[in-house]
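Step one of this worksheet: look at the structure below.
The values are calculated or read from the model by the stated rules, or taken from the named source; none is laboratory data. Quantities reported herein were computed from a predicted structural model and do not represent experimental measurements. Every residue, glycine as well, gets a Cβ built from its backbone with ideal geometry; the counts of neighbours run over all protein chains shown. The protein model used for the area step is the full one, side chains on, heavy atoms only, and it has no ligands, DNA or RNA in it. Shrake-Rupley method; radii C 1.70, N 1.55, O 1.52, S 1.80 Å.
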Amino acid sequence: MVTSQDIREILATNEVLAPVAEQIGDDDSLFDRGLDSFGSVQLMLALEERFGIEFPDEFLTRKSFASIAAIRETVATVLHPQAA
Amino acid sequence: MSTLAQRAQRAATIAALHADAVDRDGRFPLEAVTALKAERLLGLQIPSQLGGEGAGLREIADLCCTLGQACSSAAMVFAMHHIKVASLVAHGLDSAWHCHLMERIAQEQLLVASSTTEAGIGGDLRTSFCAVETTGGVFALGKDASVISYGTQADLILATARRHPEAAGSDQVLVALFADQVSLERKSVWDTLGMRGTCSDGFRLEARDIPVEQILPKPFAEIAAQSMLASSHLLWSSVWFGIANSAVDRARTFVQAEARRQPGQVPPTALRLAEVSNALQAMRAAIVSALRRYEDAQGDVDTIGSIGFSVIMNNLKTTASEMAVDIVQRALSIVGLAGYKNGTPFSLGRPLRDVLSAPLMIGNDRILANTAKLLLVQKGGGQLMSA
């Protein structure tokens, strides 16, 4: 089970989002909070490391990482493909 | 009714007539742009229900190539205009104000310019210092626009700015400003090696009391990712292909004239021509395959926003820009002094100076650095026909 708090902890390690990580709501757009393309790559790498997964290419879209809720769903789908 | 190709060819013929003067004087290709308007080529992409012709990027790319063979500056102005129009068509159909704007562009053949570059930020499209300051139903914007190509000749400028004065640098919007709504104070002059007619001067841009409806509702982040990056790389590459193509045409004519003078022998330059025709074909293939990818992805937000797609478009830009320079230089080595001299049928000075801008316009190192980051997460695989 991936919780929003797990995701928020990873956002707190992201250079761009660290200062605001705790104030980001589940559905807030991370891109509006300043996440850029490099930031999102760093975020993807951190998530892969933290959850021991690899996101397939078709998941590497802006939408999959647009918000905490979206990331939670993306990670859950990769962790438990049959449940998706 | 003429075909699109015929209309483009008529405009290109006029562009070619004035290309040397545009280059020599570093002036706007007015005759060419007037011809583009007369042939009604500025509203092509706009949907037919809004008075345009609903043309796709493939048609525009072909026109960029046609114009690129005649006058690089006119071709680049045409490409930059259509990159902005592509963004309006992709992201403005939900906004009544922007639909009306598109009707006007098609009806009045308005020339659209872009203001993204800003002093202190350089070419980083996705960061702005300046911000929209809204009061009631109107906004003001002041921007140190270090480059606005054909800024004083455009009928409309689409400018990026932060959404509001407290917004993050990347939280941007795209605002539409008519020429009579802005004041442009020239701060620097575009006096360059090539592409001299794009008149990419620097300005202080000031706009006041602009209705908020003129702010495109979609976040600029989406506009950049979904239409601007891909259409820029595709259309610029098509312009460069046009330049390279015309250089190879001159080299071919030169080699064939040599062959006619010495019947029964293959001139030594023919081998170099074979090499350059090989490179030209590879360049064409790279552009066409990327254009197909873009067309196949139309309307699919996830595909266009994906890392794999960004890598393809980035690679197109770096590849096409380097190949174009290489091809024109090879063509020059074939025609020799006749190409080095101005005013001969084989002159290649202007195209060479123009095409040298290709690796620098959005520096290839910047693009490669961006690709390098994306490759940290992209996975491999794929097949010949689908990857």
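Peptide B:222-231 has a mean shielding of 1, counted as Cβ atoms of other protein chains within 10 Å of each residue's Cβ.
Counting lysine pairs in chain B that sit 8 or more residues apart in sequence, or on different chains, and whose Cα atoms lie under 27 Å apart gives 12.
The mean of 1/r over all pairs of different alpha-carbon atoms in segment B:4-110, once inverted, gives a Kirkwood hydrodynamic radius of 13.8 Å. With 20 Å bins beginning at zero, the pair-distance distribution over Cα atoms of chain B amounts to 28, 58, 14, 1, 0 %.
Per-residue Karplus couplings for segment B:318-333, computed as 6.51 cos²θ - 1.76 cosθ + 1.60 with θ equal to phi - 60°, are listed in order as 5, 5, 5, 5, 6, 5, 4, 4, 4, 5, 5, 5, 5, 4, 4, 5 Hz, Gly and Pro entered as x.
For B:Asp365, the accessible surface of its heavy atoms amounts to roughly 120 Å² (probe 1.4 Å, protein chains only, rounded to the nearest 10). Taking every Cα-Cα distance in segment B:10-62 and sorting them into 10 Å bins from zero, the calculated P(r) comes out as 25, 41, 26, 8, 0 percent.
Based on Cα atoms of chain A, Rg over Rh with Rh as the Kirkwood radius reads 0.92. Note on segment B:325-387: Cα Rg divided by 2.2 N^0.38 Å, N the number of residues, gives 1.73.
From Cα pairs below 8 angstrom and at least 6 apart in sequence, can you work out the relative contact order of chain B, rounded to a whole percent? Walk me through the intermediate numbers first.
Numbers: 714 pairs, mean separation 61.2, N = 387.
With pairs under 8 Å counted, the relative contact order is 16 percent.
Ranking B:Arg58, B:Arg162, B:Arg104 by solvent-accessible area of protein heavy atoms (1.4 Å probe, all protein chains present), from largest to smallest, gives B:Arg58, B:Arg104, B:Arg162. Based on protein heavy atoms only, segment B:171-222 ends up with 44 Å² per residue of surface accessible to a 1.4 Å probe. Taking a virtual spin label 7 Å from the Cα of B:Glu133 along the C-beta vector, which residues in segment B:143-163 bring their backbone nitrogen under 17 Å of it? Correct set: B:143-145, B:161-163. Estimated purely from DSSP H runs of n ≥ 4, each contributing -39500 (n - 2.57), the mean residue ellipticity at 222 nm for the protein assembly as shown is -16000 deg cm²/dmol once divided by its residues.
Using a probe radius of 1.4 Å on protein heavy atoms only, what is the accessible area buried between chains B and A, both sides summed, to the nearest 100 Å²? Working shown, then result.
Numbers: alone 17070 and 4930 Å², together 20490 Å².
Approximately 1500 Å² gets buried when B meets A.
Ranking B:Thr344, B:Ser183, B:Ile215 by Cα position along the charge dipole of the protein assembly as shown, where only Lys, Arg, Asp and Glu carry charges on their C-beta atoms, puts B:Thr344 farthest toward the positive end. If you look at the Cα atoms of segment B:220-374, you get an Rg and a Dmax of 18.2, 62 Å. With the simple model of a label 7 Å out from the Cα in the direction of the Cβ, A:Val20 to B:Asp365 spans 3.1 nm.
Counting pairwise Cα distances across segment B:113-214, what percent come out greater than 23 angstrom?
Working: 1074 of 5151 pairs.
Here the long-distance tail beyond 23 Å is 21 percent of all Cα pairs in segment B:113-214.
Calculated on the alpha-carbon coordinates, the convex hull of the protein assembly as shown measures out at 160 cubic angstrom per residue.
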